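**Student:** Let me begin by handing over the structure; questions about it come next.
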């Protein structure tokens with residue numbers, strides 16, 4: 001027959017069922033939580049760049065590529081067509097004013113100078129011959145004028161005689177008229193000779209001046225060539241360092257070809273290039289920030305090249321401290337042309353997150369989570385981005401590139 005189950009046994013079995021149910025419930029809750037954690041995306045904090053929103057200055061700038069160049073550099077050119085005979089100074093050496101750097105062959109120039117001297121002597125001889133010839137012609141006219149003056153006086157005497165004879169009845173009116181006519185013709189001839197002498201004098205002076213101009217021009221050519229011959233020993237007028245020299249001995253060079261460069265390395269400036277897209281935004285006098293291996297040097301845009309070459313505009317920046325120890329010739333630098341300055345605004349460090357727009361989503365760090373939020377931006381530069389709205393001072397945002405999570409509203413940040 002069946003026995004009745006003891007109450008203690010029943011209670012024990014009941015406790016087991018309860019404990020089993022609780023265990024199953026705990027397992028179910030754990031599984032649900034684990035599944036939810038698997039569905040909720042997360043990211044390691046060590047993989048993120050995080051920055052804090054702060055108050056400060058943001059300078060809107062244009063980025064250009066620059067090269068440090070000497071503040072003053074003299075380009076020494078060839079004064080005449082010749083060949084390189086000797087290079088006296090090596091690149092990198094210091095040179096003094098008047099020190100010969102390079103010598104040109106002077107033989108051809110000396111021959112040309114001798115030829116000019118001979119032509120000048122011939123011109124001077126022509127000038128002497130011309131003056132003698134002109135003086136002779138003028139003297140002939142003067143003698144003719146003197147003869148004509150004597151003839152006029154003789155005809156005047158003859159006219160008086162005829163008039164006297166007519167008064168006493170020994171002459172005729174016809175003889176008087178003939179004497180008057182002869183005198184008039186002689187006087188006209190005398191005036192013609194006088195005018196011819198004046199014309200001849202002016203003509204002689206013009207001919208002498210013309211030949212004098214030729215002599216003067218020839219003398220200038222001689223002086224210029226003599227000066228170029230003296231300059232054939234290429235030297236610098238200022239002290240400095242020889243940064244480049246044409247070392248191709250025997251090479252033919254034309255007048256005006258560069259032969260050497262001497263730079264004053266005690267001060268520097270910056271030559272920069274920027275895309276012609278920003279040419280309209282570039283102004284002479286704009287402040288610039290030149291960055292050299294983490295060192296920032298302030299300056300201004302000194303000059304802008306008017307021409308565009310291969311899509312870029314060249315400009316030069318004058319530094320406030322052109323003798324800074326970080327400056328080296330031909331050093332590559334970053335140049336930021338400041339177009340607008342914003343003071344005391346919200347800002348955050350620039351980073352891969354910023355896409356250059358006026359509004360975009362970012363991830364704000366809060367209580368171990370990265371929450372997506374739309375933020376408005378203002379001006380920007382290489383270092384900072386201005387916050388126009390959507391963030392407060394002290395909040396932290398993710399600077400890393402979060403393109404893969406743009407559609408995720410929230411991320412868990414794991415330590």
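**Student:** How many angstrom lie between the C-alpha centres of segment 143-165 and segment 211-243?
**Tutor:** Measuring centre to centre over Cα atoms gives 65 Å.
**Student:** Another one. Under the 0.36 nm per residue contour assumption, what length would be gained going from the current alpha-carbon distance of residue 280 and residue 210 to full extension?
**Tutor:** Taking 0.36 nm per residue and subtracting the Cα distance, the gain is 19.7 nm.
**Student:** Pairing the Cα long axis of helix 173-230 with the longest principal axis of the chain, what angle in degrees results, from 0 to 90 and rounded to the nearest 10?
**Tutor:** It is inclined by approximately 40 degrees.
**Student:** Still on this structure, please answer the following. Would you calculate, for the chain, the mean residue ellipticity at 222 nm contributed by helices, counting each DSSP H stretch of 4 or more residues as -39,500 (n - 2.57) and dividing by all residues, to the nearest 500?
**Tutor:** Counting only the DSSP helices, I get -14000 deg cm²/dmol.
**Student:** Quick check on the exposure proxy: order 324, 343 from fewest to most C-beta atoms within 10 angstrom.
**Tutor:** 343, 324
**Student:** Provide the three semi-axes, in whole Å and in decreasing order, of the ellipsoid equivalent to segment 107-230 as defined by the square roots of 5 times the Cα gyration tensor eigenvalues.
**Tutor:** 60, 10, 7
**Student:** Taking Cα pairs under 8 Å and at least six residues apart, what relative contact order does segment 311-414 come out at, in percent?
**Tutor:** 27
**Student:** If you take the square roots of the eigenvalues of the alpha-carbon gyration tensor of the chain and sort them as a ≥ b ≥ c, do you get rounded (a/c under 1.5), prolate (a/b over b/c) or oblate?
**Tutor:** prolate
**Student:** If you don't mind, there's one more thing I want to ask. Which whole number in µm²/s is D for segment 41-145 by Stokes-Einstein, with the Kirkwood Rh taken over Cα pairs at 20 °C and 1.002 mPa s?
**Tutor:** Value of D from the Cα-based Kirkwood radius: 90 µm²/s.
**Student:** OK, next. Between residue 146 and residue 231, what's the calculated FRET efficiency when r is the beta-carbon distance and R0 is 45 Å? Round to 0.05.
**Tutor:** Efficiency, from the Cβ-Cβ distance: 0.15.
**Student:** Based on the mean of other beta carbon atoms within 10 Å per residue, what is the order of 120-132, 224-236, most packed first?
**Tutor:** Most protected by this proxy first, the peptides run 224-236, 120-132.
**Student:** Further question: Counting other beta carbons within 10 Å of each residue's own, what order do 153, 44 fall into, fewest first?
**Tutor:** Listed from fewest to most nearby Cβ atoms, that is 44, 153.
**Student:** Another one. Report, to the nearest 10°, how far helix 107-168 tilts away from the longest principal axis of the Cα atoms in the chain, using its own Cα long axis and a range of 0 to 90°.
**Tutor:** 40
**Student:** With labels modelled as points extended 7 Å from the Cα through the Cβ direction, what inter-label distance (nm, one decimal) is found for residue 81 paired with residue 392?
**Tutor:** Modelled inter-label distance: 8.2 nm.
**Student:** May I ask you to compute the full-extension gain from residue 139 to residue 340, defined as 0.36 nm times their residue separation minus their alpha-carbon distance, rounded to one decimal in nm?
**Tutor:** Answer, rounded to one decimal: 63.8 nm.
**Student:** Can you give me the distance in nm between label points at residue 19 and residue 49, each placed 7 Å from the Cα along the Cα-to-Cβ direction?
**Tutor:** 5.7
**Student:** Then there's this: Let me have the relative contact order for segment 107-230, percent, based on Cα pairs under 8 Å that are six or more residues apart.
**Tutor:** 44 percent.
**Student:** Relative contact order (percent) for the chain, with alpha-carbon contacts under 8 angstrom and 6 or more residues of separation?
**Tutor:** Result for the chain is 30 percent.
**Student:** Taking the 0 to 90 degree range and rounding to the nearest ten, how far is the long axis of helix 7-39 tilted relative to the main principal axis of the chain, both from C-alpha atoms?
**Tutor:** Between the helix axis and the principal axis of the chain, the angle is about 10 degrees.
**Student:** Also, quick follow-up: Give the calculated FRET efficiency between residue 248 and residue 131 to the nearest 0.05, with a Förster radius of 56 Å applied to their Cβ-Cβ distance.
**Tutor:** 0.60
**Student:** On a full-extension model of 0.36 nm per residue, what is the gain between residue 410 and residue 158, subtracting their alpha-carbon distance, rounded to one decimal in nm?
**Tutor:** In short, 76.8 nm is gained.
**Student:** Take each of the peptides 192-204, 358-370, average the number of other beta-carbon atoms within 10 Å over its residues, and list them starting from the highest.
**Tutor:** Sorting 192-204, 358-370 by mean packing, highest first, produces 358-370, 192-204.
**Student:** Separate question: Sorting check: for 59-67, 16-24, which peptide has the highest mean count of neighbouring beta carbons within 10 Å, and how do the rest follow?
**Tutor:** The peptides rank, most packed first, as 59-67, 16-24.
Throughout, read-outs are computed from the coordinates displayed, never taken from laboratory work. Quick caveat: nothing in here was measured; it's all calculated off a predicted structure. Because the Cβ atoms are built from the backbone with ideal geometry, glycine has one as well, and the counts that use them run over all protein chains shown.
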